[in-house]
Amino acid sequence: MVLRFAIYSAIALLLAGAGILWFAQHAAVARSEREVLERAQTTSMLLADRFQRSDFEGPVNASRRAELDHMFSHVIGGEVVRVKLWSEDGTITYSNDPTLIGDHDSSEDLASVLAGDAKSEVGRLNDEGGAGENYRALSAYAPVRTDGASEPVGVLELYTKFDEVNAEAMATLKPVAVALVLALLLLYAALFPILRQVTGALEARTRRLQQQSDELEKTIAERKQALASLREADARYRALVEELPLVSYVSSLDNPGLSNYVSPQLEELLGYTPEEWLATPGHFWDAIHPDDAERVRNEHRIGYANAETFSTQYRLRAKSGRVIWVEDQIRVIHGRDGQPALAQGFLIDITARKNSDLALMESEARFRGLVGNIPGAVFRCDIDSDWTMEFLSDAIEELVGYPSSDFIDNRVRTFASVVHPDDRRRLEVDVTSSLGGGRPYTTDYRVLHRDGSVRYVIERGQAVTAADGRVRLDGAIFDVTDRRLGELERLKLAAIVESSDDAITSADLEGIVTSWNKGAEQMFGYTAEEMIGQSGSVLVPEEEAEDSSMRIASVIELGEGRFEVTRRRKDGTLIDIAVTMSAVRNSEGDAVGVAAIAQDITDRRRLEQDREEFTRELEVRNERLLELDRLKDEFVALVSHELRTPLTSIRGYLELVLDGEAGEVTGEQRQFLGVVERNANRLLDLVGDLLFLAQIEAGKLSLEVGAVDLARVAAESVETARPLAEEKEITLALATSPLPLLAGDRARLGQLLDNLVSNAVKFTPQGGRVDVRASSSREHAVLEVRDTGMGIPADEQEHVFERFFRTSRATEQAIQGTGLGLAISKAIVHAHGGRITLASDDGEGATFRVTIPIRALQAAEPGQEEIAS
Amino acid sequence: MSERPLVLVADDDPDILSLVTLRLGLDGYEVIGAPDGERAVEEALERTPDLAIIDVTMPKLDGYEVAERLRQHEPTSAIPIILLTARVQDSDVARGIEAGADDYVKKPFSTADLRMRVQAALGR
């Protein structure tokens, strides 16, 4: 093998070397030709202007030949050995070999050269005649153009020694060729070991294949033998199974379904002969019932993979079209290698059995379907305290939340246990009382659902005597919860409507009254019997009729509305009502009427009117009061002016007289004039007090706040009152502790103290005592004026600070006074933020006590302070 | 001033008018009496008194208006004015000051008090 390869590769190598050399040679020739041709063309072009036209018209004469010899002498020599000039018609007109002149050769080549193609060829020098050594030469033709002519006038042919030119070309190409050959040799030397290895591997492989091939042949031989014995067994088997009253078959696993062999009994079963059957591949799947095909396919797949034997049942369509139920018993046959190989089975006709089974199932299904479709639970039970169930349909689960199986034979619970405890006794009574006559009974009760809710049911049943003589109940239980709850809801609403004081009514779209409650009867005076079916328009006064129909239309459009309207009662009286109306719609949402709730607002209207009237009256009265107030202010201003002006004159002239301006005044005159002056002053005080009170009432009391030494003010008041006290021999005592200055109106506080002290003196009898005390606590200045007078009765104490109030004793004893002093005093104290109190035991004198805050007024801004009385 | 000071007194109450005139006369003033506001303004413009004592509540022109007019005219624009009134509200006082009065004497007044105020107004 190796040797052969070596020889082959050596030959190939030699051929390649020869090829390269041949190519080199050939390339050298081609290159020589090209060079010679180029030389001829160059020469032709170089000599173009030295040729004459006549040089190409016929053989040249001797003189011209000499000229041309001379001209070409530069060219001839060296490699170029011969020159020829050709005329267009193929006559040699000149050559350096004179023997050739005049020769004629009308070859095609010349014409093509004249047409523009350059041409060269290898041959012998004297192939076309001529003298001298006849060595290998290369000739090249080139067209000649004279005098710038565009068309050639003839052809120039140059002969070159072939060997010289070729040797030159070879000299350059040979080293290349040799190098290539050497490179090839080196490559071969490098590749040879690898190639040898590859060749070795291929030889080993071939040997192995040969071995395997031998083994295969042996196996095939064994198989053939096995198959022969199998066929023998098969034949025996067939003979046996074809006697049995069933169809036996063999299928290959990749094509299940009686595909390899089927026994002749098939004809009896399906009407097909085995030949007919097997003639159509996949006949089994055509014949099998479409509803069974998928299932059987799956069973096959699972059975083949997992089982030794399995069986299935399915339907096959016989040739006649009849459907045959078969049982297919399948055994999986495994090959020697343990893999499942074949399925072998029997088909048994089970149509008759199947049909009876189906009929039973169908009847049962029909019964269950029937029971299931009943909208209630159907039962058969014993007549005992548990209501032991023999049968109870599934619908019970929806009613009580437990499956029916729980109740069968009281397995988990008794039916009695789901009956509402309050209804158990009644159910027993209702059922047993109907037993005697064998009458059907109907009763209603509640059941307890598992979720804790209560359902209302109706039970209808009858006692039946079964074949075994036992009496049982057959019946059905219906859920009426929704209906019952709806009923209860309606009853509740009806009760609400009936008990309402409001009138609740409804009417259809034509205004015909459809409901009328007690409230409506009372409100309008018509009974429900009178109104239902009548038009509600009898209630509407003529002048409101149009408005009324518009309102109903708007309610139907908008859904609801609230109005206040007037209606006429049965007795003809008019009442004002507030009515809320809403549209009544049916389940499609179309308005079918209106409902109305009305309240009698006659009283409310009347109250409103009364109130408005009263308000108006109050406004008028208020205006009048304001007017009066204004008049009073004017009056006060007038009084103050009109009283003061004359008093001014009285006092002024008194002063003039008393000053002696009108002459000497006698003692008696002076005494009398003193009385006049005192009374004028009294009058003036009264006017002052009245004006002061008027100011307080107008909210215009103002304080001129400054620092006030209350002890000093008290001392001045005491001194003012002293003449009167001395007159009545009253001890007037003043006790003051050091007092801080307080912020207040000095004049007003003086007025306050004057009032209190003069009052005390006035009301204290002859020889009594009046104590004035001024002191201070941390926050308050305290003034006390205590007298030993007749005191003030308890029932009058609360009134003493009211203006114009005079105690009964003051009146009895004709003590002068206006009843304004304490009212003014109180206003002054309040204006200073203080309090004034009275303590008095009847007949034991009285004590007025004033407290005025120090700090509050110290902190206050000095200046005018408006204080409301 | 060697001559007796000239005082204009205006009051619609003749008793008051003569009382004030008498009193001021006794005290050594020369007094012009006017029974109403118009006469008071006329007299004042004619005689240019050193002091005017004007009652507030008068017919025709009240005391405030008289005071305003006197202030508007050059010869009388600077003379002291004392208003006499029975009104006691603070707003009345304010209005008087606004109208140009220098002092305010409430009725009833004592002649001694008036005398002091007159002296004060005349700067004595």
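One residue stands out in segment B:101-118 among those that are within 21 Å of A:Ser640 (Cβ to Cβ) and hydrophobic (A, V, I, L, M, F, W, C): the one that is farthest from the other protein chains (Cβ to nearest Cβ), namely B:Ala101. Of all residues in segment A:60-114, those being of a type in the set (A, V, I, L, M, F, W, C), farther than 27 Å from A:Ser150 by Cβ and touching a residue at least 12 places away in the same chain (Cβ under 8 Å) number 5.
When segment B:50-73 is filtered for residues that are away from every other protein chain (no Cβ under 14 Å) and either in contact (Cβ under 8 Å) with a residue 60 or more places away in the chain or basic (Lys, Arg) (or both), the ones remaining, listed by number, are B:Asp50, B:Leu51, B:Lys60, B:Arg69, B:Arg71. In segment A:609-629, the residues that are over 29 Å from A:Asp576 (Cβ atoms) reach residues that are modelled with pLDDT under 90 and of a type in the set (A, V, I, L, M) with C-beta atoms within less than 9 angstrom, at least six apart or across chains, in these pairs: A:Asp629/A:Ala698. Residue-level check: of (1) in the same structural domain as A:Phe563 (by TED's automatic domain parsing); (2) over 30 Å from A:Ser537 (Cβ atoms), A:Glu588 misses just (2).
B:Ala120 meets the conditions (1) over 20 Å from B:Asp15 (Cβ atoms); (2) at pLDDT 85 or above; (3) crowded, with 17+ Cβ neighbours inside 10 Å in every case but one. The failed one is (3).
The set of residues from segment A:792-815 being more than 29 Å from A:Ser702 (Cβ to Cβ) and in a loop (DSSP other than H, G, I, E, B) comprises A:Ile792, A:Pro793, A:Thr807, A:Gln813, A:Ala814, A:Ile815.
Within segment A:74-86, one or more residues are on the phi < 0 side of the Ramachandran plot, among the acidic types (Asp, Glu), in the same structural domain as A:Asn134 (by TED's automatic domain parsing) and touching a helix residue (DSSP H, G or I) at 6+ places or on another chain (Cβ under 7 Å).
Of the residues A:Ala707, A:Ala725, the single one that is closer than 23 Å to A:Arg809 by Cα and either touching a strand residue (DSSP E or B) at 6+ places or on another chain (Cβ under 8 Å) or within 14 Å of chain B (Cβ to nearest Cβ) (or both) is A:Ala725. The listed residues are B:Thr85, B:Thr21, and the only one of them that is free of Cβ contacts under 8 Å to residues at least 60 places away in the same chain, buried (at least 23 other Cβ atoms within 10 Å of the Cβ), within 13 Å of chain A (Cβ to nearest Cβ) and of a type in the set (Val, Ile, Thr) turns out to be B:Thr85.
So, of the residues in segment A:60-78 that are surrounded by fewer than 19 Cβ atoms within 10 Å (Cβ to Cβ) and assigned to a loop (DSSP other than H, G, I, E, B), which turns out to be modelled with the highest pLDDT?
Applying the filter and picking the extreme gives A:Asn61.
Has segment B:31-44 got at least one residue that is within 13 Å of chain A (Cβ to nearest Cβ) and buried (at least 19 other Cβ atoms within 10 Å of the Cβ)? No, every residue in segment B:31-44 fails to be within 13 Å of chain A (Cβ to nearest Cβ) and buried (at least 19 other Cβ atoms within 10 Å of the Cβ). Here A:Gln313 fulfils each of the conditions (1) under 24 Å from A:Ala352 (Cβ atoms); (2) free of Cβ contacts under 8 Å to residues at least 12 places away in the same chain apart from (2).
Being within 11 Å of chain B (Cβ to nearest Cβ) and either within 28 Å of A:Asp745 (Cβ to Cβ) or touching a helix residue (DSSP H, G or I) at 6+ places or on another chain (Cβ under 9 Å) (or both) is a property that holds for A:Leu691. Evaluate the following for B:Ile97: is it more than 30 Å from A:Leu658 (Cβ to Cβ), part of a loop (DSSP other than H, G, I, E, B) and away from every other protein chain (no Cβ under 14 Å)? Taking the combined requirement at face value, the residue does not satisfy it. The set of residues from segment A:634-675 being among the charged types (D, E, K, R), within 7 Å of chain B (Cβ to nearest Cβ) and out of contact with any Leu (no Cβ under 7 Å at 6 or more places or on another chain) comprises A:Arg644, A:Arg651, A:Glu655. Residues considered: A:Gly674, A:Gly744, A:Gly706. Of these, the only one that is assigned to a strand (DSSP E or B), surrounded by fewer than 20 Cβ atoms within 10 Å (Cβ to Cβ) and not aliphatic (A, V, I, L, M) is A:Gly706. Assessment of segment A:34-46 against the conditions (touching a helix residue (DSSP H, G or I) at 6+ places or on another chain (Cβ under 6 Å) and assigned to a helix (DSSP H, G or I)) yields no matching residue.
In the set A:Ser9, A:Ser54, only one residue is closer than 30 Å to A:Tyr188 by Cβ, exposed (fewer than 15 other Cβ atoms within 10 Å of the Cβ), of a type in the set (Ser, Thr, Tyr) and in the same structural domain as A:Lys119 (by TED's automatic domain parsing); that residue is A:Ser9.
On the basis of being out of contact with any Leu (no Cβ under 6 Å at 6 or more places or on another chain) and either within 14 Å of chain A (Cβ to nearest Cβ) or under 30 Å from A:Leu703 (Cβ atoms) (or both), does B:Ala121 make the cut? So B:Ala121 fails the test. With respect to A:Asp386, determine if the residue is assigned to a helix (DSSP H, G or I) and of a type outside the set (S, T, N, Q). No, not satisfied.
Of all the numbered requirements in (1) over 29 Å from A:Leu638 (Cα atoms); (2) basic (Lys, Arg); (3) within 11 Å of another protein chain (Cβ to nearest Cβ), A:Lys700 misses one, and that requirement is (1). Only one entry in A:Ser54, A:Ser73 is closer than 14 Å to A:Gly154 by Cα and among the hydroxyl-bearing types (Ser, Thr, Tyr), namely A:Ser54.
The values are calculated or read from the model by the stated rules, or taken from the named source; none is laboratory data. Computed from a predicted structure; not experimentally measured. Virtual Cβ from ideal backbone geometry, glycine too; neighbours counted across all protein chains shown.
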